[in-house]
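The block underneath contains the structure these notes are about, expressed in structure tokens.
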Amino acid sequence: MPELICVGCGPGDPDLLTVKAVKAIQNADIIMCPTSKEGKPSLALSVISSIIDKAKNQKIVNLVFPMTKDKDILETTWEKNSRILAENALSGKKVVYLTVGDPYLYSTWIYLHRELKTKFPEIKITVIPGIVSMFTFASKVGISIAEGAEKVTIIPSCYDLSQVKELAKNSDTMVFLKDGRYFDQVIKLLKEAGFSDESIFAIGQDLDTEHEIVRKLTLGEVTKDTMTTKYFSIMVVKRV
Ligand SMILES: C[S@@+](CC[C@H](N)C(=O)[O-])C[C@H]1O[C@@H](n2cnc3c(N)ncnc32)[C@H](O)[C@@H]1O
């Protein structure tokens, strides 16, 4: 039976790859990975590059997923890339597809999987979970994402932020992902939702890379300079 394995690679540190992920990657004939632009290195590939055995001559294929909200472009991209994955799996090759973090949190894999399930049901699909970026971040700053009866909200910050205040009123921890350039827009809303100046505030950028930034302070101490500037950023705000 043709088979395809999606591997969650964690947020960046190769030592955080699971044993199962390492086995699947080393056993593959073809490694496919997402990138946002033709010629741009894949972050997921950079996570696993140190465990690739060059002597095995594994084929590496970048699949381009443009950073756009245009529905037509997105649908065409998912259709095209899932077909490339399927054709390679159907040719009898062992194919792995890499994702950053875990495959089922805001990942390109979610859309590919949907396409593959309906259009290529003959392919056996296995998904290997990976460490989610916000949990790596929590470990780095030493904060709990939730404890006891606490409620958590996860916000993808590059979309509509109009509901943040209402959601924050009913949450103990707010996790913001997807693009640090939007994070500063919500600080005022969190305060209006009852997050005190003493609330824990933690922000990180480019975790597990040489450019990593990690900051932990209180909400009251946040200034414009505290904020991050890149897509690969995480912000956690927690009531105390
Ligand atoms: C498309 S989502 C993928 C999430 C991923 N599947 C996960 O489980 O963490 C990309 C977002 O995850 C977060 N992220 C993933 N890896 C990161 C890293 N190394 N440093 C900082 N943020 C990261 C950022 O919020 C980024 O914008």
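Values as computed for the structure displayed
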| read-out | value |
| --- | --- |
| Residue match in segment 107-126 (condition: aromatic (Phe, Trp, Tyr), away from the ligand (no atom under 13 Å from the Cβ) and buried (at least 16 other Cβ atoms within 10 Å of the Cβ)) | yes |
| Glu212 being of a type in the set (Asp, Glu) and under 17 Å from the mean Cα position of the chain (by Cα) | yes |
| Hey, Lys151 more than 20 Å from the chain's Cα centre (by Cα) and charged (D, E, K, R) or not | yes |
| Out of Ile187, Ile200, Ile154, sole residue that is within 16 Å of the ligand (Cβ to nearest atom), surrounded by fewer than 21 Cβ atoms within 10 Å (Cβ to Cβ) and of a type outside the set (Lys, Arg) | Ile154 |
| Residues of segment 203-229 satisfying the condition of being of a type in the set (Asp, Glu) and within 16 Å of the ligand (Cβ to nearest atom) | Asp206, Asp208, Glu210, Glu212 |
| Near pairs, Cβ below 9 angstrom, 6+ apart or cross-chain, from segment 50-66 (on the phi < 0 side of the Ramachandran plot) to any residue that is of a type in the set (Phe, Trp, Tyr) | Leu63/Tyr97; Phe65/Trp78; Phe65/Tyr111 |
| Selection within segment 168-196 - within 17 Å of Lys238 (Cβ to Cβ), not β-branched (Val, Ile, Thr) and not in a helix (DSSP H, G or I) | Asn170, Ser171, Asp172, Met174, Phe176, Leu177, Ala193, Gly194, Phe195, Ser196 |
| Close pairs (7 angstrom Cβ cut-off, 6 or more residues apart or separate chains): more than 14 Å from Ala138 (Cβ to Cβ) in segment 171-182, within 13 Å of the ligand (Cβ to nearest atom) and not hydroxyl-bearing (Ser, Thr, Tyr) anywhere | Lys178/Pro156; Lys178/Cys158; Asp179/Cys158; Gly180/Gln205; Gly180/Lys230; Tyr182/Cys158 |
| Gly101 on the phi > 0 side of the Ramachandran plot and crowded, with 17+ Cβ neighbours inside 10 Å | yes |
| Scope segment 109-167; condition in a loop (DSSP other than H, G, I, E, B), under 30 Å from Ile84 (Cα atoms) and of a type in the set (Val, Ile, Thr); matching residues | Ile123, Ile131, Val132 |
| Members of segment 203-223 that are over 26 Å from Asn170 (Cα atoms) and surrounded by fewer than 12 Cβ atoms within 10 Å (Cβ to Cβ) | Glu210, His211 |
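Read-outs: derived from the displayed coordinates by stated rules, not from any lab. Just so it is clear, the structure is predicted and the values come from calculations on it, not from any experiment. Here Cβ is always computed from backbone atoms with ideal geometry, including for glycine, and neighbour counts include all displayed protein chains.
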